[in-house]
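Asks: Take a look at this one; I'll ask things after.
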Amino acid sequence: MSINSALLAGVSGLTANAAALAAISQNIANVNTVGYKRTAGEFSTVINSQSQGAGYSAGGVLATARHFTSQNGQLQRTTSNTDLGIAGQGFFVVTERPENLQVTDSRLFTRAGAFSVDNLGYLKNTAGLYLQGWPVDAEGNIATDPSDLNRLRTINVGSVGGTAEATTRIQLNANIKSSQLISAEATDAAAVPPGVNAYDPATNSMAMWNAETGDGVKPDFELTIPVSDSKGGQRTVAISFLKSTVPNQWYAEIRAIPASDVVTGAGLSNGQIRSGLVAFTQDGRLDADAMAALGADALFEDVTNATLSFGSSSSGAPGAGEVTWAPELGIDSQDLAFDLTAATGGLTQYDSGSVVQAVLTNGTAFGNLSEVKIDDTGFVTAIFDNGVTRQIAQIALATFPSPDSLTQTSGNAYRVSQGSGTYNLKAAGSGGAGLIGASQLEASTVDLSAEFTGLITTQRAYSASSKIITTADEMLAELISIKR
């Protein structure tokens, strides 16, 4: 009967508009939810099969929810370094627990990037979901895979301990005075035979100098260099100079302070690491050709490859002319490369006061974690108070062929569905994945003006559907009242 079908159509209108009202209510309630994607109720007509000559039977309306998951919200600036937003396509990969993940544990996907560091050091968002990424190994490499979620690990910034870097390079900018008076020890060293107080790196050296007792030879000039060892400990290396009787030539010794920091082989004593002659050109620059001509008598035969080598504390007794770190220090082997001919200075001999302009080294002492930064490609970097930086992990972004078909879950997250297609894991900024914005959060895509307008139209549609029911009821009442 057509009136009955009209009644049922009115009921379907009430049901459909109630569902639309629920979607609008969900949107309005989440207007301030980070990364929320609006949902809309969409209607489709229901048509009943019609029999010719039997009148028309109303089918009504069917409401379905449409999720605008692929619609991106605006990024808004925050004050937290661990707040993350995605400018473009992609989802953060998150898990419900941080540790001991099994293959059967679910992985979820979200755009809600309000992450903070929990009590165990993991990055967790406000829904209690933990951020996943590719870890950086000890060599600084990252093993990525676009389809293997098991390669991902929960990112932990609390487990990053302190760090140190051993000194490997030293640049000297220093001048030694060309008009320095020649000492009695240098004069005796040039005499034939050598005088009683002749300078000798083995028996009467600058490393033996003691101001209180007068032992050894007082250097004409000495500079000290701070050196960081493999554990971040601070060591000191000194270079002493004594002018010789040969023009533009100086005796030089490199030693450790204190001498107990090193164990030396035959030919070295009192903490000596190396000794020899340093030669300069007539215009005051280091003379590489003269140094090469001196051969084994030079401090460094090849000034372009001036390197000191220290054996590790566990190396055992050093050979002749070799040096190791003292066993009680327990530190690793180390090579120090000297830059003595820098274009901005280097080691010079001008007729001005002996002075050190600068000693530049690349090593650092032990440092504690001071800050965590995340760049736009998703690299999580630990910054230490000694200036060292270390990459911890790279955040993975998941993209889908049909993100609007993902299944919603609590916590503003999504699961893979049959309609969404399989995920592809990508680094931010590659393969269509968006860039990551640190200290930014994605705003909800809800437009209040549109939702309030939808409230009005939904209310009117609901009222109109109720009028269908009341009108059909009145018509049925009239039909029943025919027989009285």
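The values are calculated or read from the model by the stated rules, or taken from the named source; none is laboratory data. Keep in mind it's a predicted model, so treat the numbers as computed, not measured. Heads up, the Cβs are rebuilt from the backbone with ideal geometry, glycines too, and the neighbour counts pull from every protein chain shown. SASA here: full protein model, heavy atoms, side chains in, ligands and nucleic acids out. Shrake-Rupley method; radii C 1.70, N 1.55, O 1.52, S 1.80 Å.
Asks: Please state which of the following conditions LEU75 fails to meet, knowing it meets all the rest: (1) within 14 Å of GLU442 (Cα to Cα); (2) at pLDDT 95 or above; (3) over 20 Å from the mean Cα position of the chain (by Cα).
Replies: Going through the list (1) within 14 Å of GLU442 (Cα to Cα); (2) at pLDDT 95 or above; (3) over 20 Å from the mean Cα position of the chain (by Cα), LEU75 breaks only (2).
Asks: While we're on this one: Only one of these conditions is not met by THR381: (1) without any contact (Cβ under 8 Å) to a residue 60 or more places away in the chain; (2) part of a loop (DSSP other than H, G, I, E, B). Which number is it?
Replies: (2)
Asks: When residues of region 24-61 are filtered for being of a type in the set (A, V, I, L, M, F, W, C) and out of contact with any helix residue (DSSP H, G or I) (no Cβ under 8 Å at 6 or more places or on another chain), how many remain?
Replies: Adding up the residues that qualify gives 4.
Asks: For region 362-391, name all the residues that are among the aromatic types (Phe, Trp, Tyr) and farther than 30 Å from THR236 by Cα.
Replies: Selection gives PHE379 alone.
Asks: If you don't mind, another one. Of the numbered conditions (1) part of a strand (DSSP E or B); (2) touching a Pro at 6+ places or on another chain (Cβ under 6 Å), ALA358 fails exactly one; give the number of that condition.
Replies: Against the list (1) part of a strand (DSSP E or B); (2) touching a Pro at 6+ places or on another chain (Cβ under 6 Å), ALA358 comes up short only on (2).
Asks: Condition first: in a strand (DSSP E or B), of a type outside the set (S, T, N, Q) and farther than 24 Å from LEU84 by Cβ. Can you find one or more residues in region 432-449 that meet it?
Replies: no
Asks: Within region 297-320, how many residues turn out to be open to solvent by 50 Å² or more (accessible area, probe 1.4 Å) and either assigned to a helix (DSSP H, G or I) or touching a strand residue (DSSP E or B) at 6+ places or on another chain (Cβ under 8 Å) (or both)?
Replies: 6
Asks: Grab the strands (runs of 3 or more DSSP E) fully contained in region 119-182, keeping just those with 2 or more residues being over 30 Å from VAL217 (Cβ atoms).
Replies: Answer list for region 119-182: 130-135, 163-165.
Asks: Continuing with the same structure: Within region 286-293, does at least one residue satisfy the condition of being touching a residue at least 60 places away in the same chain (Cβ under 8 Å) and either crowded, with 16+ Cβ neighbours inside 10 Å or of a type in the set (Ser, Thr, Tyr) (or both)?
Replies: Looking for residues that are touching a residue at least 60 places away in the same chain (Cβ under 8 Å) and either crowded, with 16+ Cβ neighbours inside 10 Å or of a type in the set (Ser, Thr, Tyr) (or both), one finds at least one in region 286-293, hence yes.
Asks: I need the full set of residues from region 37-63 which are farther than 14 Å from THR445 by Cα and either surrounded by 12 or more Cβ atoms within 10 Å (Cβ to Cβ) or in contact with a His (Cβ under 9 Å, 6 or more places away or on another chain) (or both), in order please.
Replies: GLY41, GLU42, PHE43, VAL46, ASN48, SER57, ALA58, GLY59, GLY60, VAL61, LEU62, ALA63
Asks: Looking at the structure I just gave you, is GLY233 touching a Leu at 6+ places or on another chain (Cβ under 9 Å), surrounded by fewer than 18 Cβ atoms within 10 Å (Cβ to Cβ) and under 25 Å from ALA358 (Cα atoms)?
Replies: In short, yes.
Asks: Can I ask one more? Take the residues in region 64-75 that are surrounded by 14 or more Cβ atoms within 10 Å (Cβ to Cβ) and out of contact with any helix residue (DSSP H, G or I) (no Cβ under 9 Å at 6 or more places or on another chain), then tell me which one is farthest from SER417 (Cα to Cα).
Replies: LEU75
Each row is one residue, and each column tells you yes or no for (1) within 21 Å of the chain's Cα centre (by Cα); (2) modelled with pLDDT of 85 or more.
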site	(1), (2)
PHE92	yes, yes
GLU96	no, yes
GLU99	no, yes
LEU108	no, yes
ALA114	yes, yes
LYS124	yes, yes
TRP134	yes, yes
ASP137	yes, no
ASN141	yes, no
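Asks: Same structure again: Answer yes or no: is there a residue in region 182-197 that is within 50 Å of the chain's Cα centre (by Cα) and open to solvent by less than 50 Å² (accessible area, probe 1.4 Å).
Replies: The answer is no, given that none of the residues of region 182-197 is within 50 Å of the chain's Cα centre (by Cα) and open to solvent by less than 50 Å² (accessible area, probe 1.4 Å).
Asks: At pLDDT below 95 and open to solvent by 20 Å² or more (accessible area, probe 1.4 Å): which single residue out of ALA365, ALA382 fits that description?
Replies: ALA365
Asks: Name, by its number, the condition in (1) closer than 21 Å to VAL246 by Cβ; (2) under 45 Å from the mean Cα position of the chain (by Cα); (3) in contact (Cβ under 8 Å) with a residue 60 or more places away in the chain that does not hold for ALA342.
Replies: Just one mismatch for ALA342, condition (1).
Asks: Take the residues in region 331-362 that are open to solvent by 60 Å² or more (accessible area, probe 1.4 Å) and among the small types (Gly, Ala, Ser), then tell me which one is modelled with the lowest pLDDT.
Replies: It comes out as ALA343.
Asks: Shifting gears a bit: Give me the pairs, please: first residue somewhere in region 264-282 and farther than 14 Å from MET206 by Cα, second residue anywhere and charged (D, E, K, R) and open to solvent by 70 Å² or more (accessible area, probe 1.4 Å), beta-carbon distance under 7 Å, and either six or more positions apart or on two chains.
Replies: Cβ pairs passing all conditions: GLY265/GLU322.
Asks: Let me ask something else. Within region 82-114, how many residues are surrounded by fewer than 17 Cβ atoms within 10 Å (Cβ to Cβ) and not β-branched (Val, Ile, Thr)?
Replies: 8
Asks: In this structure, is GLU371 open to solvent by 40 Å² or more (accessible area, probe 1.4 Å) and either touching a residue at least 12 places away in the same chain (Cβ under 8 Å) or assigned to a loop (DSSP other than H, G, I, E, B) (or both)?
Replies: It is true that GLU371 is open to solvent by 40 Å² or more (accessible area, probe 1.4 Å) and either touching a residue at least 12 places away in the same chain (Cβ under 8 Å) or assigned to a loop (DSSP other than H, G, I, E, B) (or both).
Asks: Of the residues in region 284-296, how many are out of contact with any Leu (no Cβ under 6 Å at 6 or more places or on another chain) and part of a helix (DSSP H, G or I)?
Replies: 8
Asks: While we're looking at this one, here's another question. State yes or no: is VAL388 aliphatic (A, V, I, L, M) and open to solvent by 60 Å² or more (accessible area, probe 1.4 Å)?
Replies: no
Asks: May I pose another question? For region 153-186, which residues satisfy the criterion of being in contact with a Pro (Cβ under 6 Å, 6 or more places away or on another chain) and not β-branched (Val, Ile, Thr)?
Replies: Result: ARG153, single match.
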